[in-house]
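Colleague: A single structure is presented below for examination.
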Amino acid sequence: MNKNSILIVDDEESIREVVGEYLSSLNYKVFFAEKLKDIKKINNVDIVLLDAKLPDANGIDSIKEVKDRFKQSEIIIITAFEKDAKSAVKALKNGAFDYLVKPFKFEELSAIIEKALDKVDLKKENERLKDKIEIINSGFHGMIGLNSEMRSIYAKIEKVAQTNLSVLIEGESGTGKELCANAIHTLSGKKGKFITINCAAIPNHLLESELFGYEKGAFSGAVNTKKGLFEEADKGSVFLDEIGDMPLELQSKLLRFLENMEIKRLGDNVSRKVEVRIISATNKNLEQLVEKNLFREDLYYRLNGFVIKLPALRFRKEDIPILVKHFLNKIGKENNKRYTLKSEALKALLSYDYPGNIRELKNILQHSALMSDGTIACENLPDVLQSQSSHKRYAKPANNLSLGKKVEEYEKEIIVDALKRAHNSKTKAAEILGITFRSIRYKIAKYKIEI
Ligand SMILES: Nc1ncnc2c1ncn2[C@@H]1O[C@H](COP(=O)(O)OP(=O)(O)OP(=O)(O)O)[C@@H](O)[C@H]1O
Ligand SMILES: [Mg+2]
C-alpha cells in the first residue's frame, strides 16, 4: 500500500525528533525541514505540519507558498502560543486545514492528521476522475479511446517518455502511430524539436543528405551548407516513420549514427555530436523483414529498445462511439454545423472492420457529414458500408446445386465481400476472415475472383 507522507517544518529539534518518531511508528513516511526555504528540497507530501514561527518566515503568512509547492497537501499549523482567535482565523483563511497548540497530545495530532488525509484522498480521487474525463473529452494528447489496451498504452507512453530509450511503434496504417510519437516527445519535456522523417517518401539518393546534411559544394546543386535532420533535432526527437521502407544501404549508416550519435555532413571532415531520441514506426512486420534479409537485424535491435503496439480499430470497437463523437464535433466546428448520428448509422459503423483504422473512420465521417442534412443516416454512409450491410445476408445459392457446390458458392461470396471490405488487400481480407494468406490466395485462384 502507498504510505501517506508528512512533512514537519519546525526549527525545534526536539519537536522534529519526537513527533517524527511518533508519526513513523504510525507508518507514515516522514520528512523534515528546519526552515521554510528547505521545503524546496522535498518532493511531494500529503500533509505539512507547519510551525507558526520559523527562523526565516512566519508560518501563517507562508501557507499559500507551501500549498503552491505541494499542490494536493493539507497544512496543519503548529504554534507555541495559546490559541488566539485572530491568528487561528488568519491561518484558516489562508487555507490551513487546522491549528494545534504546543504542547499537544499525540492522539490529538493523529486525529487531525487522519481527518486531513481524508480530504487529501478525496482531492486525489477527484484529480483521477478529472484525468479520466479529460481522456474521454479531449483524449490523451489527442489520442481518443478508453479501451483497456489503449489505457495501458497511455501509461507506457508516460513511463517511456521520461527515458532515453529508442521506441518502436508498431501498428497497421491509420492506428495513430504518429500521434503516439508526438505524445512521447511532448511528455519527454525535451527542449529540441520533433522532426519527422518519412523513410518511404524521400527518394533514396536524397535520404542521406536529408538526414546528415551537406556542405556547400559537396555535390552539384549543393549551393549552400545545410544541416541534416538529425542535427536539426538536436536535444529533441527524430521520428523515423515507415522505417521498414528504409533502403538497406542507408540502414547501415543509420546504425553507425545510432552507435555513436555523431554525424558528418556530406563533404565535411568534421564529426558533430548530437543528442536525439529516436522514435520509429512501421506498419510492416520488421521481424519478417529481418528474416528475409530486407532489414538489418542489428538495427532492428537498436530501434526496439521499447515497443508499443497499437491495436487495430476492429479490436477495440467499444471506442468507436467516443471516436465518432470526437470526429463529428471536430467536423461540426470546422463547418459551423452540428451533426448527429441515427442509431442505425452507428450500428452500421460498429459492424464495419476498418482496414484503414482510425483514419478510415475519420474519412467515413467526413464523407457522411457532407452527404447528410446534419443527421447522419445509413444512406449517407459511403458505399463500403452500404455494400457490407447488403452483403451481410448472402444470396442463397440455386436449389439444384449439390451441398458441396452450395458451400463453395457461399464461400466465394464471403471472400469477395472480405476483399471489398479490405480494399482488395489480400493480407487484410485474410485477417478479417481469420485464415492464412496462403489459403486466401489459393481460394482466390480457385474461384477465379478478380481483384
Ligand atoms: N486514438 C486516436 N484518437 C483520435 N484520432 C486518432 C487516433 N488515432 C489516430 N487518429 C487520427 O487518425 C489519423 C491517422 O493517424 P496517424 O497518422 O497517427 O496514424 P499512423 O498509424 O501514423 O498511420 P500510417 O501508418 O498510415 O502513417 C490522424 O488524422 C489522427 O489524428
Ligand atoms: Mg504515420
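Colleague: For residues that are away from ligand 1 (no atom under 14 Å from the Cβ) and not hydroxyl-bearing (Ser, Thr, Tyr), tally how many sit in region 164-189.
Modeller: The number of residues fulfilling the criteria is 4.
Colleague: Could you name every one of the helices (runs of 4 or more DSSP H) located completely within region 282-370 that has at least 2 residues being closer than 27 Å to residue 161 by Cβ and not aromatic (Phe, Trp, Tyr)?
Modeller: 286-291, 297-303, 320-335
Colleague: Just to be sure, is residue 192 on the phi > 0 side of the Ramachandran plot and either touching a residue at least 24 places away in the same chain (Cβ under 8 Å) or within 10 Å of ligand 1 (Cβ to nearest atom) (or both)?
Modeller: It is false that residue 192 is on the phi > 0 side of the Ramachandran plot and either touching a residue at least 24 places away in the same chain (Cβ under 8 Å) or within 10 Å of ligand 1 (Cβ to nearest atom) (or both).
Colleague: Considering only region 204-226, I want to know if a residue exists there that is touching a strand residue (DSSP E or B) at 6+ places or on another chain (Cβ under 7 Å), within 16 Å of ligand 1 (Cβ to nearest atom) and touching a residue at least 24 places away in the same chain (Cβ under 8 Å).
Modeller: No.
Colleague: Step by step: first the residues of region 230-281, then only those that are under 20 Å from residue 179 (Cα atoms) and of a type in the set (Val, Ile, Thr), then the one that is nearest to the chain's Cα centre (by Cα). Which residue is that?
Modeller: Among those that are under 20 Å from residue 179 (Cα atoms) and of a type in the set (Val, Ile, Thr), it is 279.
Colleague: Also, I was wondering about something else. Can you tell me which residues in region 242-252 are away from ligand 2 (no atom under 16 Å from the Cβ) and closer than 14 Å to residue 303 by Cβ?
Modeller: Scanning region 242-252 gives 250, 251, 252.
Colleague: Name every residue in region 253-281 that is closer than 13 Å to residue 228 by Cα and in a strand (DSSP E or B), in order of residue number.
Modeller: 262, 263, 266, 272, 273, listed by residue number.
Colleague: State the number of residues belonging to region 364-375 that are in contact (Cβ under 8 Å) with a residue 12 or more places away in the chain and at negative phi.
Modeller: 8
Colleague: Give 296, 338, 359, 256 a once-over and let me know the one that is basic (Lys, Arg) and either within 21 Å of residue 194 (Cα to Cα) or within 16 Å of ligand 1 (Cβ to nearest atom) (or both).
Modeller: The match here is 359.
Colleague: Somewhere in region 263-275, is a residue within 16 Å of ligand 2 (Cβ to nearest atom) and either out of contact with any His (no Cβ under 7 Å at 6 or more places or on another chain) or among the β-branched types (Val, Ile, Thr) (or both)?
Modeller: no
Colleague: Could you pull out every one of the helices (runs of 4 or more DSSP H) wholly within region 128-220 that has 2 or more residues that are in the same structural domain as residue 271 (by TED's automatic domain parsing), buried (at least 18 other Cβ atoms within 10 Å of the Cβ) and within 14 Å of ligand 2 (Cβ to nearest atom)?
Modeller: Per the criteria, 177-188.
Colleague: Does region 289-307 contain at least one residue that is within 16 Å of ligand 2 (Cβ to nearest atom), in contact (Cβ under 8 Å) with a residue 12 or more places away in the chain and surrounded by fewer than 17 Cβ atoms within 10 Å (Cβ to Cβ)?
Modeller: No; the residues of region 289-307 include none that is within 16 Å of ligand 2 (Cβ to nearest atom), in contact (Cβ under 8 Å) with a residue 12 or more places away in the chain and surrounded by fewer than 17 Cβ atoms within 10 Å (Cβ to Cβ).
The values are calculated or read from the model by the stated rules, or taken from the named source; none is laboratory data. Note that the structure is a prediction, hence the values are computed from the model and not measured. With ideal geometry, Cβ positions are generated from the backbone for all residues, glycine too; neighbour counts draw on all protein chains shown.
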